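Structure first, then comments.
The values are calculated or read from the model by the stated rules, or taken from the named source; none is laboratory data. Just so you know, these numbers come straight off a predicted model, no measurement behind them. Here the Cβ positions follow ideal geometry from the backbone for every residue, glycine too, while neighbour counts run over all protein chains shown.
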Amino acid sequence: MSSPMPYTMSPSAMLETPDVASMLIEAPIDNRNKWMNMLNKWDSQPPQPLELYELVKEGIPCQKIRLKFWTRLLDCKDASSRFPGLFNKLSNSKQHDEETELYIKKDVHRTFPQFLLFASEDSPGQKAMTKILLAYAYYDDKVGYVQGMAFLAGFLYLTVYMSHHNLNTIDDVEHFYSSNPNPNLDEDTIHEATFWLFMQLFQHRKYSLKDVYRPGLPRLHLVTYMIDTLLRDSLPKVHQHLENQCLVPQAYISPFVIALFTNRFAYSTSALLFDMFLTDGWRVITRTMVGLIDYTKGMILKKNTAEIIPFLYSISATLTPKELLNVSTRVKLDDKTIHSYMALYEKSLPTVERNKIAEYRRSRRKIIAATRRSQIYTKVLDTLQL
């Protein structure tokens, strides 16, 4: 297994997470029937992208529906059925790297410490995160564990925990856990459901979060470039101010993108961002970051180098789901612009890096083709009842 991958995020950046008071879920429009009908008909009548995105913007009425929705988009059921028992094998392995385990526990200790569910080493949240992150690091030893993953694992665990206990707000979680520190529920079920969300978030070809964390951080660099370029094109005055303050894009973009804002936003806001991200992909992250800067540009233009990043952190922590919808739609980003930026990014890379990207894409295409052939073969066998 590879050693933990270092990532230069300051301890203060990891610790300054939103407080409990800012993490209450705003009740969405009661559209439960719409959601249930859509989920029940998913196989026979897959929803159209625009229809789905509009429904997401209306809001998801409860965590049970949210978990079903995420599980669908990430193809968790299909993945877990193809690899039965994988999580148990990985989590029970005796071959975990000790250095990786120590590094994970160090980060887990400072992930969502404001919540009782994550507050101590023996808390359900810390134990779950450690187990899930160790299992994934063992599964994908080329990526291993990288700082920032703990927030994603904790966020996903919190969502699954809420769904399984029929809870819908952070206040509900705090009250439930303080009253039932050892609830009569199989924790293994929650751990495995969280693991497959995490696994698919990293491995699914649409999201491929592993490319943010794998050696060289290729997707992190690509998304940072796209955000910086969109910022330059849509907000030139702000972009110039950031340059004048000697702030490189990695300094104020990477701390948000590395954990998909889960280390910055309130839970309810992160949940909505995930709903949109899983529906519409990486453009949501790009638009949200540029939109956040656009939303706060008046204040940013008045601030100096030392003030800008802490200011963005503090504003992010108080952003409501309704404000996120406003922020994420302030700047337009169509397919043509995305392809243009990607071409510019790849052109800016050294030949060696361009060749690596080309080879990686060829490998991905082969894997996808092999997977499709396997799925077709399985369907034929099922039809023949073999």
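Annotations for the structure displayed:
- Restricting the range 158-200 to residues that are closer than 22 Å to residue 132 by Cα and among the hydroxyl-bearing types (Ser, Thr, Tyr), the residue that is farthest from the chain's Cα centre (by Cα) is 177.
- Which numbered condition residue 43 fails, given (1) under 23 Å from the mean Cα position of the chain (by Cα); (2) not in a helix (DSSP H, G or I): (1)
- Test result for residue 257, modelled with pLDDT of 95 or more and among the aliphatic types (A, V, I, L, M): yes
- Hey, residue 69 surrounded by fewer than 17 Cβ atoms within 10 Å (Cβ to Cβ), modelled with pLDDT of 90 or more and of a type in the set (A, V, I, L, M, F, W, C) or not: no
- Hits in the range 201-233 - residues which are over 14 Å from the mean Cα position of the chain (by Cα), of a type in the set (Lys, Arg) and within 14 Å of residue 149 (Cβ to Cβ): 214
- Entirely in the range 254-326, the helices (runs of 4 or more DSSP H) that have 2 or more residues that are within 21 Å of residue 221 (Cα to Cα): 267-280, 283-295, 305-318
- Applying the set (1) surrounded by fewer than 24 Cβ atoms within 10 Å (Cβ to Cβ); (2) over 21 Å from residue 337 (Cβ atoms) to residue 279 leaves exactly one unmet item: (2).
- Boolean, residue 302 is at pLDDT 95 or above, of a type in the set (Lys, Arg) and farther than 26 Å from residue 155 by Cα: yes
- Residue in the range 72-85 that is hydrophobic (A, V, I, L, M, F, W, C), surrounded by fewer than 19 Cβ atoms within 10 Å (Cβ to Cβ) and over 20 Å from the mean Cα position of the chain (by Cα) present: yes
- Residue within the range 141-153 that is over 23 Å from residue 272 (Cβ atoms) and among the charged types (D, E, K, R) present: yes
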